[in-house]
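Structure, as structure tokens:
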Amino acid sequence: MRFCPRLGTFNAALISLYFIQVWGVDAIRALRSPFYGFEDHLQGVAASYFRTLFDLHLDGLVRVSIALASMKLVVAVGFLAYLIDFARALVIRREPNRETLDVVLVLASAAIALWAWPAFGTGDGGLIRLTATQLLLVAGAMIVLLIERHSEEGASSAEPAHEPSRRAAEANAPPIGRAA
């Protein structure tokens, strides 16, 4: 049996490339910055929103900024893990690990929601477009994978109607030793 990669796995690999580059670089830049990432407008808006929400002081603002950047880094590393698994699966000719992809997509959608909520509250069109685009990338990947898995389950559970099963044939057979 020959392995044929499906659209959903390739789509997730392309999205992984995007998030590794964009979120990974942003996270490392924010974590290494002497300003804790506040030079990035989205980082500053999100950290200020959570500072106001939880009524934190300046040290709390810095910790929130570090936590948000760390969350971005965790998601980028998760996508890197999936990309490595996808490349390995292509070489070995097997399916990539579904659990890895599922966890990464759920983490990414939760992280994007945390980043998007403050951006939506600002009314800044650039921030809204950026976070909405990222949310749609992940949601699109989830939808494609859901449809593929649903069609795979339907194809694997479908049994030909013209072939009776063995148990049904045995149940309809006359008992041994009696004439029919």
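The values are calculated or read from the model by the stated rules, or taken from the named source; none is laboratory data. Predicted, not measured: the structure shown is a model, and the values here were computed from it. Don't worry about glycine lacking a Cβ; one is built from the backbone with ideal geometry, like all the others, and counts go over all protein chains shown. Just so you know, the surface numbers come from the protein's heavy atoms only, side chains and all, with ligands and any DNA or RNA stripped out. Shrake-Rupley method; radii C 1.70, N 1.55, O 1.52, S 1.80 Å.
Once the Cβ-Cβ distance of Leu135 and Ile92 is raised to the sixth power relative to R0 = 35 Å, the FRET efficiency obtained is 0.60. Taking Lys and Arg as +1 and Asp and Glu as -1, the other residues whose beta-carbon sits under 14 Å from that of Ser65 total +1.
Using the Cα gyration tensor of region 49-151, with a ≥ b ≥ c the square roots of its eigenvalues, what is the shape: rounded (a/c below 1.5), prolate (a/b larger than b/c) or oblate (neither)? Provide the component values of the computation, followed by the final result.
Working: a/c = 3.17, a/b = 1.88, b/c = 1.69.
Since a/c reaches 1.5 and a/b is larger than b/c, the shape of region 49-151 is classed as prolate.
If the only charges are +1 at each Lys and Arg Cβ and -1 at each Asp and Glu Cβ, what is the size of the charge dipole of the chain around the Cα centre, to the nearest 20 debye?
Values: 16 positive and 16 negative charges, 91 e Å.
For the chain, the charge dipole is close to 440 debye.
Evaluating 6.51 cos²θ - 1.76 cosθ + 1.60 at θ = phi - 60° for every residue in region 47-57, the Karplus couplings come out as 5, 5, 4, 6, 5, 5, 4, 9, 6, 9, 8 Hz, glycine and proline recorded as x.
For region 48-144, a simple Cβ point-charge model (Lys and Arg +1, Asp and Glu -1, everything else neutral) yields a dipole of about 260 debye relative to the Cα centre. Each helix, a run of at least 4 DSSP H residues, gives -39500 (n - 2.57); summed and divided by the residues of the chain, these come to -27500 deg cm²/dmol at 222 nm. Using the charge dipole of region 11-101 (Lys, Arg: +1 at Cβ; Asp, Glu: -1 at Cβ; taken about the Cα centre), state which of Ile92, His41, Leu31 has its Cα farthest towards the positive end. Result: Ile92.
What does the charge dipole of region 1-71 about its Cα centre add up to, to the nearest 20 debye, if the Cβ of each Lys and Arg holds +1 and the Cβ of each Asp and Glu holds -1? Could the numbers behind the result be given before it?
Working: 6 positive and 5 negative charges, 86 e Å.
The dipole of region 1-71 has a size of about 420 debye.
GNM on the chain, alpha-carbon springs under 10 angstrom: the most fluctuating residue among Val138, Val91, Val104 is Val91. Largest accessible area first, the listed residues Leu107, Leu145 line up as Leu107, Leu145 when surface is computed with a 1.4 Å probe on the assembled protein chains.
Computed over the alpha-carbon pairs of the chain, the distance histogram in 5 Å steps reads 1, 7, 13, 15, 14, 10, 8, 7, 5, 4, 3, 3, 3, 2, 2, 1, 1, 1, 0 percent, short to long. Of the solvent-accessible surface of the chain, computed with a 1.4 Å probe over protein heavy atoms with every protein chain present, carbon and sulfur atoms account for 65 percent. What is the Cα centroid distance between region 90-122 and region 1-45, reported in whole angstrom? Centre-to-centre (Cα) distance: 10 Å. Taking all protein chains together and rolling a 1.4 Å probe, Ser156 ends up with roughly 90 Å² accessible. Ordering Asp59, Asp102, Asp85 by accessible surface, largest first, gives Asp59, Asp102, Asp85; the 1.4 Å probe counts only protein heavy atoms, with every chain in place. For Ile128, the solvent-accessible surface with a 1.4 Å probe is about 50 Å², rounded to the nearest 10.
Each label point was placed 7 Å from the Cα along the Cα-to-Cβ direction; for Glu152 and Phe10 their separation is 1.6 nm. Normalised by the number of residues in the chain, the average gap of Cα pairs under 8 Å and 6 or more apart makes the relative contact order 25 percent.
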